[in-house]
Amino acid sequence: LAGHSIGEIAAAHVAGVWSLADAARLVAARGRLMQELPPGGAMVAVEAAEAEVLPLLGPGVDLAAVNGPTSVVLSGEEAAVTAAADELAGQGRRVKRLRVSHAFHSALMDPMLTAFAEVAHGLEYREPRIPVVSTVSGRLAEAGVLTDPAYWVRQVRGTVRFHDAVTALGGRGATTALEVGPLGVLTGMGERIRAAAGDEAPGTVFVPALRGPGAETRDVLSAAGRLFTRGVAVNWRALLPATGHADLPTYPFQRRRYWLERAAVSHTATEEPMDQATPATPEQQPEHPEQPDQPQDEGPRPVLAAKLRELSEADGDRLLLDLVLAESAVVFEQQSLEVELGGDSPFFEMGLTSVGAVELRNRLVEATGLPLGPMLLFDYPTPDYVVEHLRAQFLADS
């Protein structure tokens, strides 16, 4: 388990450090004492490595979080933080001011620490029964760490080392991560951390329990389904108590092809009617139909590449655009967004969230077979730009 900022209290409770009542007391005290602090301060997310921002830290500016290899958050006095952010922006770094009431994880939190320590010392602690990776140290919490009230005081004030925590989880063999939170923001961060580390194998999956307001039931059921297909045990009778139970078939599915290889890709670009597709003759069927467990194709990448070589550039782009729009429609529907997406529609202006961007990128990787980076939709913010990038990738194959 691991938790980001106040989420670490939730993780520690689940691990057994406190009862629910004591965990709630700590959360309530933390929120109340922070709210009682004078307003002011600023937090700014910066596209930069920790080492690059260290020279800018000092009076008025603290490092609130390290969320990735090139993703940090500065926090502190407004003038000092703004000056540091402006300097980084002048170097070509992307910066974004966060909408927060206070400058969390900075020196502006110091006035509430004594009162918070009194609350922390009044709780009953137990050693965790589930291992917890500390986001204060970025390492597995050893015995005695999480049961020390002083740790939770430092946790309010110190840097959130989410990058180190995700790396530590991966080092302990965690290949399926479930984010329990309201928006799924950490899912996108986790994907980028693993990708930057060169550990973007198909076995690594980040699953958000919720994607945003409006479709909570569907989101939770979808997350449970994804976890189940990853081999995670799910108590379906508790999750769906009013439904029946049916076993899957005990025999393997036997798939056979009956169409020409070149017809395996959507023909939308050529607008060729389905009834004009030529069925395969017996000589065109797979060489060994009696062995259905053998691979029948090489995945979408070579098939798409061959199709694009047959088409004109305009028809090829239309084929790719249809693919991008189709996958986008699925993700936008998951977010309960009813929009008309065109080739020049900016994804994020149309309502796509960061977790939706991760989901869409993953779907495009699966649909094309291309090794697309985790920042795909940030670097190519419209379907047309994504198409240009896909075409360049396919041209590199030829």
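Shape verdict for the range 26-116, please, from the Cα gyration tensor: rounded (a/c under 1.5), prolate (a/b greater than b/c) or oblate. Prolate is the answer for the range 26-116, as a/c is 1.5 or above and a/b outweighs b/c.
For the range 5-96, the list of trypsin sites (Lys or Arg not before Pro) that fall in a loop by DSSP and count at most 14 other C-beta atoms within 10 angstrom reads ARG94. Loop-located GluC sites (Glu not before Pro) across the range 117-225 with a Cβ neighbour count of 10 or fewer within 10 Å are GLU124, GLU142, with loop assigned by DSSP. Judged by the ratio a/c of the largest to the smallest principal axis of the C-alpha gyration tensor, the range 175-234 counts as oblate, that ratio being 1.5 or greater while a/b is no larger than b/c. Packing, taken as the mean count of other beta carbons within 10 Å per residue, orders the peptides 102-110, 67-75, 146-154, 372-380 from highest to lowest as 67-75, 102-110, 372-380, 146-154. For a test of the definition: using alpha carbon positions, the gyration tensor, and the 1.5 limit on a/c, classify the range 7-172 as rounded, prolate or oblate. Oblate is the answer for the range 7-172, as a/c is 1.5 or above yet b/c matches or exceeds a/b. When the Cα positions of VAL234, ALA168, ALA197 are compared along the charge dipole of the range 153-249, ALA168 comes out farthest toward the positive end, with charges on each C-beta of Lys, Arg, Asp and Glu.
Say the dipole of the range 7-172 comes from +1 at the beta carbon of Lys and Arg and -1 at that of Asp and Glu; which of VAL136, VAL53, ALA107 then lies farthest toward its positive end? After comparing all options, I get VAL136.
Normalised by the number of residues in the range 175-234, the average gap of Cα pairs under 8 Å and 6 or more apart makes the relative contact order 38 percent.
If you add up the charges near GLY3, with Lys and Arg at +1 and Asp and Glu at -1, over every other residue whose beta carbon is less than 14 angstrom from its beta carbon, what do you get? Please list the in-between numbers first.
Details: positive: ARG30, ARG161; negative: GLU8, ASP164, GLU179.
For residues surrounding GLY3, the net value is -1.
Applying both filters, DSSP loop and at most 15 other Cβ atoms within 10 Å, to the GluC sites (Glu not before Pro) of the range 2-54 gives GLU36. Take the Cα of ALA24, step 7 Å toward its Cβ, do the same at LYS96, and the gap between the two points is 3.4 nm.
FYI, it's all coordinate maths here, none of it is from the lab. Source: prediction; values computed, not measured. Note that we place each Cβ from the backbone using ideal geometry, even for glycine, and neighbour counts take in every protein chain shown.
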